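Enquirer: Questions regarding the structure given below will be posed in turn.
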Amino acid sequence: MHRKHSFTALVALWACSPSFAAEDVAGANVLGMAGVSVADVTDNAAITVNPGLMALRRRYDFHGHYAFGPVRGSHWGATAMDGQTSQVLWMGLAYSGDAYRPELETSELPGWKVPDQPIANKKRNHDLTLALGVPVIRDRLSVGINGGVSLFNNDRQGKGLFGNADVGLGVMPTEWLAIGLVGENLLPLTGPRSTGAQAGIRVFKEEIGAFEIDGGYLHGDSDGISLGVGGEKTFGSARARLGYGIDLPTSDQHISWGLGLLGEGGSFEYGMQLPLGPVDGLLSGMVNQLSLHLKAPDTSRTAGF
C-alpha cells in the first residue's frame, strides 16, 4: 500500500496530512520492488495506481494485504478485479484502512496541555476506490478511470471526507513490454488537492521475472519528483524481488526486498522496506507487509471480444 506521488510508499503515506490523495492499494510484491507498478499489467495495484492497465489482461483476481510500520502503524487492504464477465468493461474495487500514531507536527501542537499527560495523536483512515477499464485495441491499448473516497478520523485534525479521480493509459507494444501513463487527482471532490502524473516502463516474462522503472511529478504546495526502480526473478515456485526509490528535492531514499511463494491458484507474498539514513531511523521507518493473492487463469490470449 502506498500514497500517490511517492515511491517512499508507506512513510510518505502516514506522514502526510489528510488533504492528500487516497491511498494506492498494492501488495507486498509491489512493496518489495520499491512500489513500482505504473506499468504492471498483471497486478491488482492497477485499480488505484493506473486504471489504464486493467483492460490489458482478462482475469478474476483478489488480493488481501496487511502491513505493520512505520510509526507504530497497522495497515490493511483488499482488492478485487473482474476482467472476464464483460468483454468491453473491466471493473476493480479496492479498500484500505490505517491506524497509526506518528510524531506530532509543529502545526498539530495544542495551545496548552495537562502536565504529565501525553498528547493524543492517533490517525485513522478508510479509503474506497472503484475503477473501470476499457480495451481500445485488444491486448495492446487500454484506458481507464478510477474514483476514490477517503474518510479520516484524527485526534488532532478531526473527522472529514475527501476524494479524487485518476485517468490512466496502458500500452503493450509487444508481449514482453508494457508502458503506463497516469494523471492523478484530476477531479478533487472536496478541499485543495495536489495533482500529478506518473509514467512507467516494464519488461517482463512471467515465468522468468520483470524489471520496471517509474517516474512521477507532483504539483501542489511543494513540487517534487519521484523515481523508482525494481526487479523480480522467478526460481521455480518462488520469486525474489529488490527495489530502490528516491524522492526529490528532499532526497528521501529507501531500499526494499521481497519473497513470494507461487502456485496455480495464486501466491503468498512478503515484502520489507527500509529508509536509507541514520541508523536510529531504520527500525522506526521499517515497513513489513504480507499479502495473499488468489486468481483465476489469465485468458487474455484465448477469449474473444
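The values are calculated or read from the model by the stated rules, or taken from the named source; none is laboratory data. Since this is a predicted model, take the numbers as computed values, not measurements. Ideal geometry is used to build each Cβ from the backbone, glycine not excepted, and the neighbour counts take in all protein chains shown.
Enquirer: Leu186 passes all but one of (1) hydrophobic (A, V, I, L, M, F, W, C); (2) modelled with pLDDT under 95; (3) in a strand (DSSP E or B); (4) surrounded by fewer than 16 Cβ atoms within 10 Å (Cβ to Cβ); which number fails?
Expert: Unmet for Leu186, out of (1) hydrophobic (A, V, I, L, M, F, W, C); (2) modelled with pLDDT under 95; (3) in a strand (DSSP E or B); (4) surrounded by fewer than 16 Cβ atoms within 10 Å (Cβ to Cβ): (3).
Enquirer: Starting from region 154-169, take each residue that is in contact (Cβ under 8 Å) with a residue 60 or more places away in the chain and over 23 Å from Gly180 (Cα atoms) and list its partners that are outside any strand (DSSP E or B) and charged (D, E, K, R), counting only C-beta distances under 8 angstrom and pairs at least six apart or across chains.
Expert: Pairs that qualify, where the first residue is in contact (Cβ under 8 Å) with a residue 60 or more places away in the chain and over 23 Å from Gly180 (Cα atoms) and the partner is outside any strand (DSSP E or B) and charged (D, E, K, R), are Asn154/Lys122; Gln157/Glu108; Phe162/Arg193.
Enquirer: Within region 193-210, which residues are surrounded by fewer than 21 Cβ atoms within 10 Å (Cβ to Cβ), touching a residue at least 60 places away in the same chain (Cβ under 8 Å) and not in a strand (DSSP E or B)?
Expert: Arg193, Glu206, listed by residue number.
Enquirer: What's the number of the only condition in (1) outside any strand (DSSP E or B); (2) closer than 19 Å to Asp214 by Cα that Asp139 fails to meet?
Expert: All conditions pass for Asp139, except number (2).
Enquirer: Okay, moving on. Determine whether Gly133 is under 14 Å from Val49 (Cα atoms), crowded, with 17+ Cβ neighbours inside 10 Å and in contact with a Phe, Trp or Tyr (Cβ under 8 Å, 6 or more places away or on another chain).
Expert: Yes; evaluated as a whole, the condition is true for this residue.
Enquirer: Residue by residue through region 246-264, note down the ones that are surrounded by 18 or more Cβ atoms within 10 Å (Cβ to Cβ) and closer than 19 Å to His219 by Cα.
Expert: Within region 246-264, Ile246, Asp247, Asp252 meet the criteria.
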